[in-house]
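S.K.: Quick one: the structure is below, and I'll ask about it shortly.
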Amino acid sequence: MQRQKSTYLRLLSAAFLVCTTWHFFVAGKACATVSAEPWPDVSAPNRITVGAGDLRIALENTGQGLRIVSLTDTAANQELLAANPSPLFSAVLRNVPTKELTTITADSGWKHVEVAYRGVTGRYRLTFRTPTDDRLGGIRVEVTLDTETSDSALTWDLKIVNDNPQWGLWHVVFPQVSVRDLGEGGKVFAQVTSGIELSGMWAQAGKRGGTYPGGWTAMQYMAAYNPAHRTGLYIGVHDPFGSTKDIFAEGRPAQHAVAFTFDHPVPNMGKPGVGFDLPGEARWQLLRGDWFDAAQIYRSWVVQKARWWPSLGPNGREDTPKWMRELPAWVMTGGPASDCAPRVRSFVQATGAPIGFHWYNWHQIPFDNDYPHYFPVKDGFGEGVAELKTAGVYPMPYINGRLWDIRDKGGEDWQFTQTALPAATKEEGGKPYTESYGSKETDGNSVKLAVMCPTTPLWQDRVGDIVLRLFNEYGVSGVYIDQIAAAAPRLCFDASHGHDLGGGHWWTEGYWKMLDAIRAAKPADRMLTTECNAEPFIKWFDGYLTWHWQQQDMVPAFSAVYGGAVQMFGRAYRGGPTQDLANRMKAGQQLVYGEQIGWFGPEAIERPDSGRFLHDCIRLRWLLREYFYRGQMARPPRFAGQVPLVTADWQWSGEWPVTTDAILTGAWRIPQENKVVLLFANVSDSLFASRLELNPTDYGFPDKSPTVTAIRPDGAQVSLAIEITDRPDIEVGPRSILAWEIKPAAASPTRSQRPLGSSDSVILR
Ligand SMILES: [Zn+2]
């Protein structure tokens with residue numbers, strides 16, 4: 001026994017050995033066979049180097065584990081890995097009787113580590129076994145690494161075997177990688193709302209990200225890049241189930257590093273003898289562009305593998321009613337029909353286009369109180385719905401899809417304990433998870449709302465009953481089911497629900513089942529929406545309320561991945577001294593991000609300083625609507641030289657200054673017809689003049705010179721005698737929006753061209 005142990009140690013300290021077959025090492029003996037396959041590049045003792053196209057990774061034997069020592073873009077001659085790399089994985093284990101926590105990592109604490117290489121498949125297998133902490137016997141970690149030359153990509157998988165009767169896995173961090181400062185112009189893409197692009201992360205401590213799937217951490221990838229040096233790294237977990245995980249980018253200025261981590265609470269966490277299998281796989285890929293290129297990598301995986309990718313036809317989501325796909329604008333107000341309906345009607349008259357109406361407080365119970373007892377409705381609700389529908393308005397009442405008030409009849413516990421409690425999410429100790437949102441019971445205490453478990457038939461049926469009653473008894477056009485794509489999963493430990501305890505993907509699957517039933521039963525011309533934009537519910541909703549897209553440094557990464565797959569609508573519009581500029585910034589950004597414009601109170605359109613701009617955004621979006629539901633986002637166009645900036649208080653949470661370019665740009669493309677529309681929104685008070693810088697390959701322009709037509713919000717069209725690929729001049733007047741539609745010359749129909757009015761503030765050249 002003693003001899004065997006010393007042999008392991010000797011092996012670990014000896015030259016790093018690599019098998020060319022699946023044979024694992026046995027003590028003192030390496031693989032017996034050497035195949036004709038090429039050996040991986042052994043660049044140094046104790047080290048192996050693995051290449052995938054231009055991406056090269058080196059792993060080193062630490063004596064007690066494995067450590068990544070370099071990750072190199074060989075074409076750009078750029079080292080990507082930070083000087084103090086993070087361990088490839090770490091896992092927290094919990095002692096069953098004592099609840100003591102301990103952590104194992106890839107780079108230390110192992111008596112035996114093996115690397116096997118199979119030349120036929122190009123797959124490496126890294127096995128970590130026999131922890132030096134004898135109490136952890138029976139824990140084994142297996143990591144596989146596949147290489148993809150064409151994409152310069154590494155694909156990782158991880159499995160933890162737990163044959164230990166005393167220790168349960170609690171959570172697993174995998175993969176994690178620290179990227180070094182990529183120099184002047186280096187940027188980090190992190191998952192916050194629509195996605196944010198940050199310049200200062202290497203110099204500033206702090207974490208950006210959160211628990212996925214939720215409205216603030218909506219997708220499963222991040223990136224670090226320097227577009228000028230054409231180098232960078234895409235870091236994703238391609239998990240087709242949307243399992244619960246924390247996704248963070250963390251600035252570590254002392255180390256000149258940004259660490260990217262995916263932290264998974266384990267399904268059946270804490271149970272002895274339960275292992276972990278990474279859902280999906282992790283991918284590190286060289287990135288030669290920016291956030292838009294990173295979004296394309298993620299999109300190509302989502303389209304093929306994600307369970308939530310919907311079926312798309314030539315006209316986009318054909319399971320979404322056409323009116324919803326086309327809708328250009330939303331208003332949001334509420335109360336009795338006698339109060340809100342006339343105001344909503346005057347809005348639709350002002351815009352001259354169909355609109356959605358998000359109807360709050362249609363019920364007699366107070367907001368965020370006595371949920372889910374939404375019935376009876378306020379007097380006149382059904383009549384108001386019917387009347388508005390004849391006026392080009394699509395009414396969509398609010399309900400909540402997650403919460404049950406624990407005192408659900410005024411101050412009284414009416415049905416909560418008796419009916420709902422067994423189906424509420426529970427902490428490990430059995431206490432239900434509750435939340436408060438500022439609403440008060442009549443005694444002045446905060447309303448406490450329990451988070452219901454989406455896997456329970458009780459909650460699935462209850463939400464279904466409410467939604468179908470609204471459709472069938474009141475004829476509403478859609479139902480908004482609050483919070484489903486906003487609030488991250490609760491780690492529910494109620495064993496009576498029958499799902500894995502804590503981590504896993506039972507949360508998303510619970511909602512999928514609930515929503516499958518609702519979609520199957522609802523009338524085909526109605527639709528469902530929810531709050532925010534957590535991706536794994538897209539297939540079950542027609543619209544996502546992007547009201548929280550209020551961040552500094554946002555980029556439309558979510559639109560780049562999901563444009564056309566779900567309709568996005570509704571920013572929060574607020575007040576304050578810079579409200580009008582903020583309104584223009586939000587509406588302009590919505591237009592170029594592909595969102596339906598709104599949702600504001602009906603009176604916003606009448607504001608002298610910004611109403612006209614909102615009106616124009618709505619009109620132009622109405623004219624160009626097919627691009628947003630049939631097409632997909634293309635790279636937003638850029639201008640030569642500096643673009644001026646504007647700042648306004650968006651009032652998202654208290655004072656909330658946001659700075660953006662004064663000229664917001666977007667591009668939407670219908671690939672099957674080879675046409676593109678470029679959008680320009682000048683939200684400032686000054687004329688903007690510049691030259692466009694376009695790379696034709698980004699837009700798939702036809703070989704022959706395509707035609708370019710300027711389209712104005714009032715519908716006027718002018719053919720432009722310009723070469724789109726030749727840095728054309730462009731001018732956009734103050735507080736103006738403009739579209740350029742680019743089509744193949746042959747396919748361009750004969751148009752009746754109306755001259756632009758001389759009073760027009762949009763200048764076309
Ligand atoms: Zn549960």
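The values are calculated or read from the model by the stated rules, or taken from the named source; none is laboratory data. Source: prediction; values computed, not measured. Neighbour counts are summed over all protein chains in view; Cβ atoms, including those assigned to glycine, are modelled from backbone coordinates with ideal geometry.
S.K.: Just to be sure, is F262 among the aromatic types (F, W, Y), surrounded by 21 or more Cβ atoms within 10 Å (Cβ to Cβ), farther than 29 Å from R630 by Cβ and within 16 Å of the chain's Cα centre (by Cα)?
M.R.: So F262 passes the test.
S.K.: Would you pick out the residues in segment 543-571 that are within 18 Å of W652 (Cα to Cα) and among the hydroxyl-bearing types (S, T, Y)?
M.R.: Within segment 543-571, just T546 meets the criteria.
S.K.: Among the listed residues D246, D319, which satisfies the condition of being part of a loop (DSSP other than H, G, I, E, B), at pLDDT 95 or above, more than 30 Å from T697 (Cβ to Cβ) and of a type outside the set (A, V, I, L, M)?
M.R.: After applying the criteria, what remains is D319.
S.K.: Right, next: Between L515, L528, which is crowded, with 24+ Cβ neighbours inside 10 Å and either on the phi > 0 side of the Ramachandran plot or without any contact (Cβ under 8 Å) to a residue 40 or more places away in the chain (or both)?
M.R.: Step by step, each of L515, L528 is checked, and only L515 is crowded, with 24+ Cβ neighbours inside 10 Å and either on the phi > 0 side of the Ramachandran plot or without any contact (Cβ under 8 Å) to a residue 40 or more places away in the chain (or both).
S.K.: Please state which one of R402, R407 is within 16 Å of the ligand (Cβ to nearest atom) and either closer than 17 Å to Q483 by Cβ or not β-branched (V, I, T) (or both).
M.R.: Testing whether each residue is within 16 Å of the ligand (Cβ to nearest atom) and either closer than 17 Å to Q483 by Cβ or not β-branched (V, I, T) (or both) leaves just R402.
S.K.: In segment 165-185, which residues are of a type in the set (A, V, I, L, M, F, W, C) and touching an Asp or Glu at 6+ places or on another chain (Cβ under 7 Å)?
M.R.: Listed by number, the list holds a single entry, V173.
Here's the yes/no breakdown for (1) more than 16 Å from the ligand (Cβ to nearest atom); (2) modelled with pLDDT of 95 or more; (3) touching a Phe, Trp or Tyr at 6+ places or on another chain (Cβ under 9 Å):
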{"site": "G429", "(1), (2), (3)": "no, yes, yes"}
{"site": "E435", "(1), (2), (3)": "no, yes, no"}
{"site": "T442", "(1), (2), (3)": "yes, no, no"}
{"site": "C453", "(1), (2), (3)": "no, yes, yes"}
{"site": "N472", "(1), (2), (3)": "yes, yes, no"}
{"site": "G475", "(1), (2), (3)": "yes, yes, no"}
{"site": "D482", "(1), (2), (3)": "yes, yes, yes"}
{"site": "A487", "(1), (2), (3)": "no, yes, no"}
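S.K.: I'm trying to understand the selection: among the residues of segment 368-422, which are more than 30 Å from D494 (Cα to Cα), of a type in the set (G, A, S) and in a helix (DSSP H, G or I)?
M.R.: G382, G384, A386
S.K.: Does segment 600-645 hold any residues that are among the acidic types (D, E) and surrounded by fewer than 23 Cβ atoms within 10 Å (Cβ to Cβ), and which are they?
M.R.: E603, E606, D609, E626, listed by residue number.
S.K.: Within segment 83-99, is even one residue free of Cβ contacts under 8 Å to residues at least 60 places away in the same chain and in contact with a strand residue (DSSP E or B) (Cβ under 7 Å, 6 or more places away or on another chain)?
M.R.: no
S.K.: While we're looking at this one, here's another question. Could you list, in sequence order, all residues of segment 428-445 that are surrounded by fewer than 15 Cβ atoms within 10 Å (Cβ to Cβ) and under 27 Å from the mean Cα position of the chain (by Cα)?
M.R.: S436, Y437 - these are the residues of segment 428-445 that are surrounded by fewer than 15 Cβ atoms within 10 Å (Cβ to Cβ) and under 27 Å from the mean Cα position of the chain (by Cα).
S.K.: Based on what the data block shows, is S35 among the hydroxyl-bearing types (S, T, Y), assigned to a loop (DSSP other than H, G, I, E, B) and either at pLDDT 95 or above or buried (at least 20 other Cβ atoms within 10 Å of the Cβ) (or both)?
M.R.: In short, no.
S.K.: Given the condition touching a Leu at 6+ places or on another chain (Cβ under 6 Å) and touching a residue at least 60 places away in the same chain (Cβ under 8 Å), answer yes or no: does some residue in segment 687-694 qualify?
M.R.: No, that holds for no residue.
S.K.: Related question: Hey, can you tell me all the residues within segment 701-719 that are in contact with a strand residue (DSSP E or B) (Cβ under 7 Å, 6 or more places away or on another chain) and under 17 Å from A745 (Cβ atoms)?
M.R.: F701, P706, T707, V708, T709, A710, Q717, V718, S719
S.K.: Exactly one condition in (1) of a type in the set (F, W, Y); (2) out of contact with any strand residue (DSSP E or B) (no Cβ under 8 Å at 6 or more places or on another chain); (3) over 30 Å from V172 (Cβ atoms) is not met by W323; state its number.
M.R.: (2)
S.K.: Where in segment 128-206 are there strands (runs of 3 or more DSSP E), lying fully within it, with 1 or more residues that are in contact (Cβ under 8 Å) with a residue 60 or more places away in the chain, under 30 Å from G273 (Cα atoms) and among the aromatic types (F, W, Y)?
M.R.: In segment 128-206, 153-162, 167-180 are the strands (runs of 3 or more DSSP E) which contain 1 or more residues that are in contact (Cβ under 8 Å) with a residue 60 or more places away in the chain, under 30 Å from G273 (Cα atoms) and among the aromatic types (F, W, Y).
S.K.: Among W459, W414, which is the only one that is within 16 Å of the ligand (Cβ to nearest atom) and either at pLDDT 95 or above or among the acidic types (D, E) (or both)?
M.R.: W459
S.K.: If you don't mind, another one. Do any residues in segment 648-659 that are polar (S, T, N, Q) have Cβ atoms under 7 Å from those of residues that are loosely packed, with under 12 Cβ neighbours inside 10 Å, where the two are at least six apart or on different chains, and which pairs are they?
M.R.: Q651/G575; T659/L645
S.K.: Additional query: Can we say L720 is more than 21 Å from Q632 (Cβ to Cβ), more than 37 Å from the chain's Cα centre (by Cα) and at pLDDT 90 or above?
M.R.: When the stated conditions are applied, L720 passes them.
S.K.: If you scan segment 333-370, which residues turn out to be in contact (Cβ under 8 Å) with a residue 24 or more places away in the chain and of a type in the set (D, E, K, R)?
M.R.: Within segment 333-370, R343, R345, D368, D370 meet the criteria.
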